[in-house]
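Report on one structure; see the data block that follows.
Every number here is computed from the coordinates shown, using simple stated rules; none is lab data. Quick caveat, the model's predicted, so the values are computed rather than measured. Positions of Cβ are backbone-derived with ideal geometry, glycine not excepted, and every protein chain shown enters the neighbour counts.
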Amino acid sequence: MKKNVKKVENRGIDSTELIIALNELEKEKGIKKEYVLESIETALVTAYKRNFDVNTDNVKITMNSETGEIHVYEELTVVEEVEDDKTQISLEDAKKIDTKFNLGDIVDKELMPKNFGRIAAQTAKQVIVQRIREASRDVIFNEFSEKKGEIVSGIVQKVDKNIVVLDLGKIEGIMPIKEQIPTETYYVNQKLRACIANVEKGQKGSTQIIVSRANNEFLRKLFELEIPEIYEGLIEIKSISRDPGKRCKVAVYSQNENIDPVGSCVGQKGIRIQNIINELSGEKIDVIEWHEDPSTYIAEALLPAQVMAVDIKDEEKFAQVIVPDDQLSLAIGKSGQNARLAAKLTNWKIDIKSESQFREMIKQMQQEDKEDEVESTEGE
């Protein structure tokens, strides 16, 4: 089925300024001109039907993407005998427009109702404002979605009991209480760095940026920024466990035998790791070397405590760790922090006992075995 358009000279609405504005929008905000034009055309059809009391669906409005001229058409089907002049045109009348028309073809008959130019201009303006708003939100959403996990800088705009609001330039970032470092105090106009934890679509298409200073990704990115070997991939961060604001453990590894992963992270005189500690407001950082052997890895994870022995049960991912008597409290840590972080870092269940406790446990087991033997003998 072919379409033919009856063209009438100088009947379009000249909207050159509109096209110039759309070109600028595309250049400055990345909003595709075709996207806005399509939306304007759809809105114009609705405006036309509303203002001229048209109920049929055969109205079509186009806008020239180069000149901005707007044209209104009614689509009429070519028939032998017209039963509805709002949707049909006779073959005889169609032939007057173009002799090539046949039955069943669609004729685009151009209309230009009085005052529609003013209505069209108002409608186009409304659509542009709406689409700019929507497209800008989409641009921001896509931009920040690509930055998920990256560090951004912002100025604190608002602080209340549960959230901190950061001005990120194009949009605000929200830092909920669970994403804040508990030991930090935030204040208005404070400059902060944070990690983009999540990007969500809010009500009416708005974009909500969730930022964090407490998650592991923020710490990971700080290591990448301060330690070139990690950024370049020469050193790999295998695992992180954090008690934000208090202490964290970071397991690092390098395939290159000539690179000391722990030493590279700490830096000469500890300057590299100190920069990260300063950013985290004094959070203590244990950098340990990752090992494929779980016994060695678990012993490293419990640093700074010294470990005597590690007995593992692979199927249960359980490790029994023995430490010297004077190292027990250090291995467990205040409120169990060191042991808890080590378990989280290695993903193993860890039970720590001092040498004396272990000897007492062995002695008790031996005593129980002797008692079992006696009972067995008496039973015989």
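Each of the peptides 319-329, 89-99 was scored by the mean count of other Cβ atoms within 10 Å over its residues; in descending order, highest first, they stand as 319-329, 89-99. Taking every C-alpha pair closer than 8 Å and separated by at least 6 residues, the mean separation divided by the residue count of the stretch 14-123 gives a relative contact order of 24 percent. If you take the Cα centroid of the stretch 158-221 and the Cα centroid of the stretch 31-102, the two points sit 50 Å apart. Spin-label point model (7 Å from Cα, Cβ direction): what's the SER145 to ILE277 distance in nm? So the two model labels end up 4.1 nm from each other. Only helices enter this figure: runs of n ≥ 4 DSSP H residues, each worth -39500 (n - 2.57), summed and divided by the residues of the chain, yield -12500 deg cm²/dmol at 222 nm to the nearest 500. Only lysine pairs 8 or more places apart or on separate chains count here, and in the stretch 300-374 those with Cα atoms under 20 Å apart total 11.
Once Rg and Dmax of the Cα atoms in Å is calculated for the structure shown, the corresponding label among (i) 22.8, 73; (ii) 19.4, 58; (iii) 36.3, 122 turns out to be (iii). Report note on the peptides 335-343, 269-277, 155-163: ranked by the mean count of other C-beta atoms within 10 Å, highest first, their order is 335-343, 269-277, 155-163. Of all DSSP beta bridges confined to the chain, the antiparallel ones make up roughly 70%. Take each peptide in 294-307, 345-358, count the other Cβ atoms within 10 Å of every residue, and average; sorted highest first, the result is 294-307, 345-358.
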